[in-house]
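The values are calculated or read from the model by the stated rules, or taken from the named source; none is laboratory data. Every value quoted in this text rests on a predicted model; they were computed, and no experiment measured them. Glycine gets a Cβ as well: all are built from the backbone with ideal geometry, and neighbour counts include every protein chain shown.
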Amino acid sequence: MALTIRTLAADELAAYQRVLNSAFLADSVEDQLERWRDLFEPDRYHAVFDGDELIGGGGVQTRDITVPGAGPQPLAAVTAVAVKPGHRRRGVLTRVMRAQLHTLHDEGREAVAALWASEAAIYPRFGYGLASEFARLSVPGDAAFRPGVSIDGERVREVSRDEAMPFMKTVYDELRPGRTGWLSRTDAAWDAYFADTEQDRDGLTAYRYAVHPQGYAVYRVKQDWQERGPRNELHVREIAARTDEAYAALYRYLLDLDLVGELKFYTASDDPVLHLLDDVRLALRSRSDALWVRLVDVDRALAGRRYNSDVDAVLEVSDEFCPWNAGRWRLTVKDGTATVQRVDDDPDVVLDVQALGAAYLGGTRLTTLARAQRVSEVTDGALNALSHAFLGDREPHCTEVF
């Protein structure tokens, strides 16, 4: 039977959730549907049907993302992409990705899309580039800070969720405009991110909320009582602070908690805790892919962020999946602000849209992508100048999986 594709209706969330659970090999959780209802934007979900059977699809959350120098900008946060078992290798995902990106282009709402990939080999073929990483951090409890680290002397208190949440939202919203990769959060997004049912805990305790006058930390505990003493694991969900001293104070509080053997945190790849420690080898780190970024409209996206230095270069961009992006674009940056124009001039740098997505948040160097044979320099010196201009002041970090 021929496959068809359309957007969803408001009453089709349960049917779509069953497909999603099936694709991710998870049990159905009908009792948790209300959690997702306020995040569900049915007119932004493209679903594929085989006759009357819903067999796959993908959606968009309407969010903002902080980009280098320009603060929060509209983002198509791609989410809930799935193909039902038994229907793979039929072009379902390609149909969804094409419909989604073409709709974004036609509507002109967001110039940038981003996602977290369940499998890293899937999305590059649709033009997504690896734009950020996170670090799996593990630090032993009681690990000492180097001499001279200031933790400002303010007391950290543990409070209830109800008391913590308004303060957390205030701090997060104050910090977000300056933190590349951070997303806007509606109340529904906050509730989903800090969901705390037994099913969410995966054998850990409920969330605990530690509040400093200038920041907060949220964590769970995995109980581990051994014959030689407790080796409980403290799993950090989020740390946010207005000042460096408060950030250090919150880490110090968590490391000093009694009965903790190890602190674990999926954190930013440039988390400064490494340089707070007296013995840097105590911080074990491994890095993994995080946010994948796709430029929906190259000209609007490149003009939507600021740049680290002036540059004037013609980019020859290839983009088979979204052909309106293909061609030559002159990127001219003056005092951090960019203009982008389609031209017929000879190129200075040749690259594909995936490379542009990878470099967009300032964390992946174009010079690195050139060494990986993803970018080619035509005009001597153009690549170094362009790569430097794209760099951000800090590594991009998306704090949440969406």
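Some values worked out for this structure:
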read-out	value
Single condition Pro323 does not satisfy, out of (1) free of Cβ contacts under 8 Å to residues at least 24 places away in the same chain; (2) under 30 Å from Glu119 (Cα atoms); (3) not aliphatic (A, V, I, L, M); (4) not assigned by TED's automatic domain parsing to the domain that holds Leu356	(4)
Residue in segment 144-165 that is of a type in the set (A, V, I, L, M), touching a Leu at 6+ places or on another chain (Cβ under 6 Å), under 30 Å from Glu41 (Cα atoms) and not in a loop (DSSP other than H, G, I, E, B) present	no
Within segment 204-293, strands (runs of 3 or more DSSP E) holding 2 or more residues that are among the hydroxyl-bearing types (Ser, Thr, Tyr)	215-222, 260-268, 284-289
Qualifying residue in segment 175-195 (condition: in the same structural domain as Pro230 (by TED's automatic domain parsing), closer than 27 Å to Asp244 by Cβ and loosely packed, with under 15 Cβ neighbours inside 10 Å)	yes
Qualifying residues in segment 128-160 (those that are among the basic types (Lys, Arg) and farther than 19 Å from Ala283 by Cα) - the one surrounded by the fewest Cβ atoms within 10 Å (Cβ to Cβ)	Arg155
Candidates Ser118, Ser138, Ser150, filtered to the one that is touching a helix residue (DSSP H, G or I) at 6+ places or on another chain (Cβ under 6 Å), of a type outside the set (A, V, I, L, M, F, W, C) and either assigned by TED's automatic domain parsing to the domain that holds Gly59 or touching a residue at least 12 places away in the same chain (Cβ under 8 Å) (or both)	Ser150
Lone qualifier among Thr243, Thr205 - being of a type outside the set (Gly, Ala, Ser) and farther than 21 Å from Phe145 by Cβ	Thr205
Residue list for segment 35-54, filter: part of a helix (DSSP H, G or I) and under 18 Å from Ala192 (Cβ atoms)	Arg35, Trp36, Arg37, Pro42, Arg44
Residue check, Asp310 touching a residue at least 40 places away in the same chain (Cβ under 8 Å) and surrounded by fewer than 22 Cβ atoms within 10 Å (Cβ to Cβ)	yes
Yes/no for Val273 being within 21 Å of the chain's Cα centre (by Cα) and at pLDDT 95 or above	yes
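Results for (1) in the same structural domain as Ala301 (by TED's automatic domain parsing); (2) within 22 Å of the chain's Cα centre (by Cα); (3) not in a strand (DSSP E or B), shown as yes or no for each residue.
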position	(1), (2), (3)
Glu12	no, no, yes
Val19	no, no, yes
Ala26	no, no, yes
Leu33	no, no, yes
Ile65	no, yes, no
Gly69	no, yes, yes
Gln73	no, yes, no
Arg90	no, no, yes
